[in-house]
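> Input: one structure, supplied below.
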Amino acid sequence: MHYHWDWGVFFKPTGVGSEIYLNWFVSGLMMTLGVALSAWVIALVLGTVLGVMRSLPGKIASRIAGAYVDLFRNVPLLVQLFVWYYVIPDWLPDNLSNWLKQDISPVTNAFITVTVCLGLFTAARVCEQVRTGIQALPKGQSNAGLALGLPLAQVYRHVLLPQAFRIIIPPLTSEFLNIIKNSSVASLVALPELLAQTKQLVDFTANQFEAYTVGTLIYFAVNMLLMFFMRWVEKRLRVPGLIALGGK
Amino acid sequence: MLHFSDLQGSLPGLWEGMKVTLQMLIMAVLGGMILGTLLALARLSHNKVLAALGGAYVTYFRSIPLLMVISWFYFAVPLIIGWVTGTNRPIGAFTSCLVAFTMFEAAYYAEIVRAGIQAISRGQMNAAYALGMTYGQTMRLVVLPQAFRKMTPLLLQQSIILFQDTSLVYAVGVLDFFNVAYSKGNITGELQQYILLAGAVYFVISFSASRLVKHLQKRMTV
Amino acid sequence: MISIKNVSKWYGDFQVLTDCSTEVQKGEVVVVCGPSGSGKSTLIKCVNGLEGFQQGTITVDGISVGDPKTNLPKLRSRVGMVFQHFELFPHLTITENLALAQIKVLGRSKDAAIDKGLKLLDRVGLKAHAHKHPGQLSGGQQQRVAIARALAMDPIAMLFDEPTSALDPEMINEVLDVMVELAKEGMTMMCVTHEMGFARKVANRVIFMDRGQIIEDAKKDEFFGSPRSERAQAFLSKILAH
């Protein structure tokens, strides 16, 4: 079998404007990071709320959050994405549905869909981490807060969550890295993120090995950089004398 | 809203798809666990080169998306097998995906197995060595049987994740359960119904399986 | 039988053993004592190669432990060892614990191994527990099984690494009784222990270690009569005061 190696392919013009193929990787990476960061905001906010609900003494709030986690963790991400992409828009009010389908570009539509999908998917996982973090704190902490006369909301806000978040930085970091990796499913609803751009390059140039190698290495490099960055953050935020759980 | 014109007619096809999904799952779980165990042993080995190679493998596969691996292997596995064997026999998408899942999941299983081995006290290894056992015997007869018992819930949990992840073979056209459901939906014009149906089926299986694992975990800790 | 010559060992910069030398003759019982962290457990683990050492030589029955060419598994199969935390294999029954190494290491038949194991189990008075798992036995019972497991290999010598220090006081004697019996039968034994009653009863010699060095190596009567070093005197008075 013949295969023509050509590592110079990335600097060749694509034929579209003055772009070279390397530009596709850059725009793909930007799209990946954009989707991942937007989804992370949703995941962090919703996941924290759900995690607090899971840790509350009342049964109802805890059950609702528990059901959410069960639902979003037991359906494959790809199926969830297709539900958001093919099913949900038809259930929305007409004006919103039309806006999604007609008024905005397909790419923007895909971006919004993927962001919501990944955000809600990851919220279930963040919820479990937040709950674990809160439950890892000694019971005396919330009692001490309450004994000082703080209302429960303030106990969470000022006593429990600041400690819990420090404990769960390592697992949260890996959840963020997971969002970046999971965002690659967006290539299946035509969002031009990193994997989609890599595949497009494969189709255009027939230099599959080079394209996939570089695409993979970009994911790898982003992962490594973020991991080292978060280790550094974790060290800076460490409270002297406080033992971190789940740290390495 | 969830009206199917001919669900009964679709059932045999869906069942065929489910068989493909389960076949992929079982083979990838077995392959992944075996490769993962070897990787874990490599990472814990006193041989620095072996440990570094094992570590690099695990770190690498854990930092790239599964879908990327599936897409890449879909085209690379047939080429590589062709180069190695010198033949031009076509390799199906199923085989490529199986190789991708096995190699990818092995990295995740390896971390579970490594933690399991490290949880067995040094004294157990010493006792086995003191009885004259070799490294291989110590691992096979004393350490791994205990480690696997402790790890069973985690290994099963990871396998449930893998079960869900098998749906990604849709990307390269393997007719697994999800892809069959999607195609049926496209043909009959009832795409939404079929997607929701697929979601419900995945949910029921994963949910019951994880409940079983939780139950098992509780029983084991007693 | 066991000969230790000028052995030194370091963990990084920290020296755990300094120039240790002693001998254990065939049929002799030698007790090693000393404060915790004195290196006595490390020294006994060097004897069957569970711990390496950087300087000196140790030979067991004429075979050098530190020699990289030595077949360590084979050597270890001839030297029994009993650990502080018993280290029975929790996933196997008592019978399987006794038979495993006989079958896999010595190549005995399953029947012969089980037969031998049960005989030794009977000897330590636990035959009724053969089918149980280690977790179902008390600490003292587990340690007796561990001794039987080591004996099943027909060892030429036995090493004991603080065999009673993880036991509740009321269980110590049942283990010591087995060890005393073993000593009286002429087994070559090297025992790291604080049980001075045991030492008085059966030891030929007592070795006192402190800070990685062998401070005193004397006949039992000399050691208990008038220990020469101050450190040994201080240690003895602390232990015997209890």
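> Here is a list: A:Val9, A:Val83, A:Val69. Which entry is closer than 19 Å to A:Ala123 by Cβ, touching an Asp or Glu at 6+ places or on another chain (Cβ under 7 Å) and either within 13 Å of another protein chain (Cβ to nearest Cβ) or in contact (Cβ under 8 Å) with a residue 12 or more places away in the chain (or both)?
One residue alone meets the criteria, A:Val69.
> Sticking with this structure for a sec: For the stretch C:151-176, which residues satisfy the criterion of being in contact with a helix residue (DSSP H, G or I) (Cβ under 8 Å, 6 or more places away or on another chain) and within 11 Å of another protein chain (Cβ to nearest Cβ)?
If the condition is that a residue be in contact with a helix residue (DSSP H, G or I) (Cβ under 8 Å, 6 or more places away or on another chain) and within 11 Å of another protein chain (Cβ to nearest Cβ), then C:Ala152, C:Met153, C:Met158, C:Leu159, C:Asp161, C:Ala166 are the ones that fit.
> Tally time: how many residues in the stretch B:1-22 are out of contact with any Leu (no Cβ under 7 Å at 6 or more places or on another chain), more than 24 Å from B:Val113 (Cβ to Cβ) and in a helix (DSSP H, G or I)? Steps first, please.
From the stretch B:1-22, those out of contact with any Leu (no Cβ under 7 Å at 6 or more places or on another chain) are B:1, B:3-16, B:18-19, B:21-22; that's our starting set.
Those left that are additionally more than 24 Å from B:Val113 (Cβ to Cβ): B:1, B:3-16, B:18-19, B:21.
Restricting the remaining residues to those that are in a helix (DSSP H, G or I) gives B:7-16, B:18-19, B:21.
Of the residues in the stretch B:1-22, 13 are out of contact with any Leu (no Cβ under 7 Å at 6 or more places or on another chain), more than 24 Å from B:Val113 (Cβ to Cβ) and in a helix (DSSP H, G or I).
> Within the group A:Thr205, A:Thr173, A:Thr216, which residue is farther than 21 Å from A:Trp40 by Cβ, modelled with pLDDT of 90 or more and either polar (S, T, N, Q) or open to solvent by 30 Å² or more (accessible area, probe 1.4 Å) (or both)?
Just one listed residue meets the conditions, A:Thr216.
> Somewhere in the stretch C:4-11, is a residue open to solvent by 10 Å² or more (accessible area, probe 1.4 Å) and among the β-branched types (Val, Ile, Thr)?
Among the residues of the stretch C:4-11, not one is open to solvent by 10 Å² or more (accessible area, probe 1.4 Å) and among the β-branched types (Val, Ile, Thr), which makes the answer no.
> Still on this model: Looking only at the stretch B:163-178, which residues are surrounded by 22 or more Cβ atoms within 10 Å (Cβ to Cβ) and more than 9 Å from chain A (Cβ to nearest Cβ)?
B:Val169, B:Val174, B:Asp176, B:Phe177
> While we're looking at this one, here's another question. Quick check, is B:Gly92 surrounded by fewer than 22 Cβ atoms within 10 Å (Cβ to Cβ), within 20 Å of the chain's Cα centre (by Cα) and away from chain A (no Cβ under 14 Å)?
Yes; evaluated as a whole, the condition is true for this residue.
> Just a yes or no: is a residue in the stretch B:44-53 touching a residue at least 40 places away in the same chain (Cβ under 8 Å) and away from chain A (no Cβ under 12 Å)?
Yes: the stretch B:44-53 contains one or more residues that are touching a residue at least 40 places away in the same chain (Cβ under 8 Å) and away from chain A (no Cβ under 12 Å).
> Please give the number of the condition B:Gln157 fails out of (1) at negative phi; (2) crowded, with 18+ Cβ neighbours inside 10 Å.
Here B:Gln157 meets the rest and fails (2).
> Taking the stretch A:13-53 on its own, how many of its residues are open to solvent by 50 Å² or more (accessible area, probe 1.4 Å) and either among the aromatic types (Phe, Trp, Tyr) or closer than 30 Å to A:Gln135 by Cβ (or both)?
Residues meeting the conditions: 7.
> Scan the stretch C:159-176 for residues that are of a type outside the set (A, V, I, L, M, F, W, C) and open to solvent by 20 Å² or more (accessible area, probe 1.4 Å) and jot them down. Break it down into steps so the answer makes sense when it comes.
In the first step, residues of the stretch C:159-176 are kept if they are of a type outside the set (A, V, I, L, M, F, W, C); the result is C:161-165, C:168-170, C:173-174.
Answer for the stretch C:159-176, where residues must be of a type outside the set (A, V, I, L, M, F, W, C) and open to solvent by 20 Å² or more (accessible area, probe 1.4 Å): C:Glu162, C:Ser165, C:Asp168, C:Pro169, C:Glu170, C:Asn173, C:Glu174.
> Here's another thing I want to ask about it. Here is a check on your reading of the model: is B:Arg219 basic (Lys, Arg), away from every other protein chain (no Cβ under 11 Å) and without any contact (Cβ under 8 Å) to a residue 12 or more places away in the chain?
Criteria met by B:Arg219.
> Is the stretch C:34-55 home to any residue that is open to solvent by less than 20 Å² (accessible area, probe 1.4 Å), in a strand (DSSP E or B) and touching a helix residue (DSSP H, G or I) at 6+ places or on another chain (Cβ under 7 Å)?
From the stretch C:34-55, those open to solvent by less than 20 Å² (accessible area, probe 1.4 Å) are C:34, C:38-40, C:43-44, C:46-49; that's our starting set.
Subsequent filtering for residues that are in a strand (DSSP E or B) retains none.
Looking through the stretch C:34-55, none of the residues is open to solvent by less than 20 Å² (accessible area, probe 1.4 Å), in a strand (DSSP E or B) and touching a helix residue (DSSP H, G or I) at 6+ places or on another chain (Cβ under 7 Å).
> Of the conditions (1) over 29 Å from B:Ile160 (Cβ atoms); (2) crowded, with 18+ Cβ neighbours inside 10 Å; (3) of a type outside the set (D, E, K, R), B:Gly86 satisfies every one except a single condition; which number is it?
Only one criterion is unmet by B:Gly86, namely (2).
> Please specify each residue of the stretch C:201-223 satisfying the condition of being touching a strand residue (DSSP E or B) at 6+ places or on another chain (Cβ under 9 Å), closer than 21 Å to C:Gly27 by Cβ and surrounded by 13 or more Cβ atoms within 10 Å (Cβ to Cβ).
Those that are touching a strand residue (DSSP E or B) at 6+ places or on another chain (Cβ under 9 Å), closer than 21 Å to C:Gly27 by Cβ and surrounded by 13 or more Cβ atoms within 10 Å (Cβ to Cβ): C:Val202, C:Ala203, C:Asn204, C:Arg205, C:Val206, C:Ile207, C:Asp217, C:Ala218, C:Lys220, C:Glu222, C:Phe223.
> Still on this structure, I have one more. Would you please name the residue that is farthest from the other protein chains (Cβ to nearest Cβ), looking only at residues in the stretch A:182-211 that are touching a Lys or Arg at 6+ places or on another chain (Cβ under 9 Å) and not hydrophobic (A, V, I, L, M, F, W, C)?
By that ranking, first place goes to A:Thr205.
> Taking interchain pairs and intrachain pairs at least six residues apart, which have beta carbon atoms under 6 angstrom, with the first residue in the stretch B:54-78 and within 10 Å of B:Ala100 (Cα to Cα) and more than 7 Å from chain A (Cβ to nearest Cβ) and the second of a type in the set (S, T, N, Q) and assigned to a helix (DSSP H, G or I)?
Pairs that qualify, where the first residue is within 10 Å of B:Ala100 (Cα to Cα) and more than 7 Å from chain A (Cβ to nearest Cβ) and the partner is of a type in the set (S, T, N, Q) and assigned to a helix (DSSP H, G or I), are B:Phe73/B:Ser96; B:Tyr74/B:Ser96; B:Val77/B:Ser96.
> While we're looking at this one, here's another question. Looking only at the stretch C:18-62, filter to residues that are in contact (Cβ under 8 Å) with a residue 24 or more places away in the chain, small (Gly, Ala, Ser) and farther than 24 Å from C:Phe198 by Cα; which one of those is farthest from the other protein chains (Cβ to nearest Cβ)?
This residue is C:Gly56.
> Pick out the one residue from B:Met151, B:Met133, B:Met139 that is open to solvent by less than 30 Å² (accessible area, probe 1.4 Å), within 21 Å of the chain's Cα centre (by Cα) and within 14 Å of chain C (Cβ to nearest Cβ).
Values: B:Met133 fails: within 21 Å of the chain's Cα centre (by Cα); B:Met139 fails: within 21 Å of the chain's Cα centre (by Cα).
Going through B:Met151, B:Met133, B:Met139 in turn, the sole match is B:Met151.
The values are calculated or read from the model by the stated rules, or taken from the named source; none is laboratory data. Keep in mind that this is a model prediction, so the values were computed, not measured. For neighbour counting, all protein chains shown are included, and Cβ atoms are generated from backbone atoms with ideal geometry for every residue, glycine included. Protein only, heavy atoms only, side chains kept; ligands, DNA and RNA dropped before computing areas. Shrake-Rupley method; radii C 1.70, N 1.55, O 1.52, S 1.80 Å.
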